[in-house]
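Presented below is the structure to which this report refers.
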Amino acid sequence: MSYDATRDRVEHYFDRTATKVWERLTSDAPVSRIRETVRKGRDQMRDKLLSALPSDLNGVRVLDAGCGAGQMTQELAQRGAEVVAVDISPSLVKIARDRLPEHLQSHVTFASGDMLSADHGTFDHVIAMDSLIYYTEADIRSALAKLGERTRGSVAFTVAPRTPLLMTMWYAGKAFPRSDRSPVMIPHGPSRLSKTVSDIGQLNDLGRVNSGFYISQALELRP
């Protein structure tokens, strides 16, 4: 499936099928035990990605690529960053905008659409948490190249790692139609991705989060 086709499928899922689910998951509302593991895992991953950035981001321009309901956006703005928060789902962007405290609103520019668009400008850093997990190796390389051209510092992102459990789930999932289900995560190995993007920059391993049904690998591309 091409990048555009995958992006459109992701938009359909998050903007029409699962908006309410993600609104609840990213709030303090009670959720099932399974979704609680996902919530905790996402909190841990967000902390891990943020720890790779300076604590003081005053005067620093950051792209929150795939901002979702805005949790990362808010934390970046609290550190003083000038944030461009972009998501393919207008519904999630609205939730993120509505949740942002008034005193931080001057630090954030929201946009719905393709996170790779050059219209968003240039940045000091990019964070793309769980927004590249549905894409092929070739698409990830292309995305990192486009983002890297407009980023002076790091591009931190996550992938679904090639663990035995995730690979089993991936192969099993390919056997069933998914017309009305979530997009399929594509597992990747950091060492292989490192070779794939070696001409773009150096790929650093920021660590893995394994929390029940949430398994994610944090990586960082530097020029």
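The values are calculated or read from the model by the stated rules, or taken from the named source; none is laboratory data. Given the structure is predicted, the values throughout are model-derived calculations rather than measurements. Virtual Cβ from ideal backbone geometry, glycine too; neighbours counted across all protein chains shown. Only protein heavy atoms, including side chains, enter the accessible area calculation; ligands, DNA and RNA are left aside. Shrake-Rupley method; radii C 1.70, N 1.55, O 1.52, S 1.80 Å.
Please report, in cubic angstrom per residue, the volume enclosed by the convex hull of the alpha-carbon atoms of the chain.
It comes to 116 Å³ per residue, whole-number rounded.
Using a 1.4 angstrom probe on the protein heavy atoms only, could you order PHE123, PHE213 from most to least accessible area?
Largest accessible area first, the list is PHE213, PHE123.
With runs of 4+ DSSP H residues as the only contributors, calculate the mean residue ellipticity of the chain at 222 nm using -39,500 (n - 2.57) per run, divided by the residue total and rounded to the nearest 500.
-11000 deg cm²/dmol
Rank ALA52, ALA128, ALA111 by mean-square fluctuation in a GNM of the chain with C-alpha springs under 10 angstrom and give only the top-ranked residue.
ALA52
Be a star and scan the stretch 118-161 for residues whose amide nitrogen sits under 11 Å from the point 7 Å along the Cα-to-Cβ vector of SER198.
none
Under a GNM of the chain (C-alpha, springs under 10 Å), which listed residue has the highest mean-square fluctuation: VAL84, VAL21, VAL159?
Top of the fluctuation ranking is VAL21.
Go through the stretch 49-56 residue by residue and turn each phi into a ³J(HN,Hα) via Karplus (6.51, -1.76, 1.60, θ = phi - 60°); whole Hz please, and just put x for glycine and proline.
Values, residue by residue: 5, 5, 5, 7, 9, x, 5, 9 Hz.
Scan the chain and hand back the longest stretch that contains none of the trypsin sites (Lys or Arg not before Pro) lying in DSSP loops with at most 14 other Cβ atoms within 10 Å.
Value returned for the longest uninterrupted segment is 1-151.
With all protein chains present, calculate the accessible area of ASP114 using a 1.4 Å probe and round the result to the nearest 10 Å².
40 Å²
What relative contact order, as a whole-number percentage, does the chain give when Cα pairs under 8 Å and 6 or more residues apart are counted?
RCO, the chain: 22 percent.
Number of Lys pairs in the chain with C-alpha atoms less than 29 angstrom apart, excluding same-chain neighbours closer than eight positions?
Final tally of qualifying lysine pairs is 13.
Regarding the stretch 1-89, what are the three Cα extents along the principal axes, ordered largest first, in Å?
Principal axes ranked by extent give 37, 34, 19 Å for the Cα atoms.
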